[in-house]
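> The structure's right below; bear with me while I get my questions together.
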Amino acid sequence: MKNILSGLASISVSVVSVWLPAHAAGLVLNPAPKNLDFDPIDDVILGAGQQLIFNVLFDRNNIAANASSLEFKFSYDNAEVALAQLTTPANVVIGFNLNDPNCLGGGFNGCFIEFIFNPPVAANAAPALLGTFTMVGINPEIWPGNGVADVSFANVTYKDVNNNVVNLNPYEFEVQKVPGPLPILGLAAIVPYIKRMRTVSKRIGGLKDLK
């Protein structure tokens, strides 16, 4: 694999626990984020200084012709997480500005990354690997977080060998740290409580608005 982007060498990191495999129309993340708190955004447990490694793949089911490239707008909350490295397989050439501060430094302006397949990848085959992302926790919010995405893949399109450009669904997830030594399996017992507290909070807010 080609090392496209590396940095943050001074940060001490450790590998995060493996998540369950994934979903997403068009893009597939593996290992995949999982919804841990019943808000609309999937979650990843990540502590400060921990390393987050995941593959981004192109799900080619039901595409009309072989694909020549895929592009998305990549952005992340640099207060909570940072991009340390991006690598691609030998058959993928990456196109984006290495000096773009929105890629190197995060922020939700984001930057567009194009993955060019050489040769083009076949339609209706197993998911094709685009690249392996290595990210590092900076200061993730404590679980259950604020329900706002921290890593986003937006404006996803692919181009086929006939130069047709097709839109695909975006994908995003939130990173959260667990307070104290609470194991991930223990989250299930707390989720209903958190949900009730959020409901009570909304009701109180509604009563204040009536005053």
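Throughout, read-outs are computed from the coordinates displayed, never taken from laboratory work. Here the structure is a predicted model, which is why all the values come from computation and not from measurement. Note that each Cβ is placed from the backbone with ideal geometry, even for glycine, and that neighbours are counted across all protein chains shown.
> Of everything in region 142-177 that's acidic (Asp, Glu), under 16 Å from the mean Cα position of the chain (by Cα) and not in a loop (DSSP other than H, G, I, E, B), which residue is surrounded by the fewest Cβ atoms within 10 Å (Cβ to Cβ)?
Initially, region 142-177 is screened for residues acidic (Asp, Glu), giving 150, 160, 172, 174.
Restricting the remaining residues to those that are under 16 Å from the mean Cα position of the chain (by Cα) gives 150, 172, 174.
Right, trim to not in a loop (DSSP other than H, G, I, E, B) and you get 172, 174.
Working: Glu172: 18, Glu174: 29.
Among those that are acidic (Asp, Glu), under 16 Å from the mean Cα position of the chain (by Cα) and not in a loop (DSSP other than H, G, I, E, B), it is Glu172.
> For the subset of region 67-98 comprising residues that are charged (D, E, K, R) and in a loop (DSSP other than H, G, I, E, B), which member is nearest to Phe117 (Cα to Cα)?
Taking region 67-98 first, the residues charged (D, E, K, R) are 71, 73, 77, 80.
Now narrow it down to the ones that are in a loop (DSSP other than H, G, I, E, B): 77, 80.
Working: Asp77: 29, Glu80: 32 Å.
It comes out as Asp77.
> Another question, then. Of all residues being buried (at least 19 other Cβ atoms within 10 Å of the Cβ) and hydrophobic (A, V, I, L, M, F, W, C) in region 122-137, which is nearest to Ala65 (Cα to Cα)? Just the residue, please.
Once the filter is applied, the top-ranked residue is Ala128.
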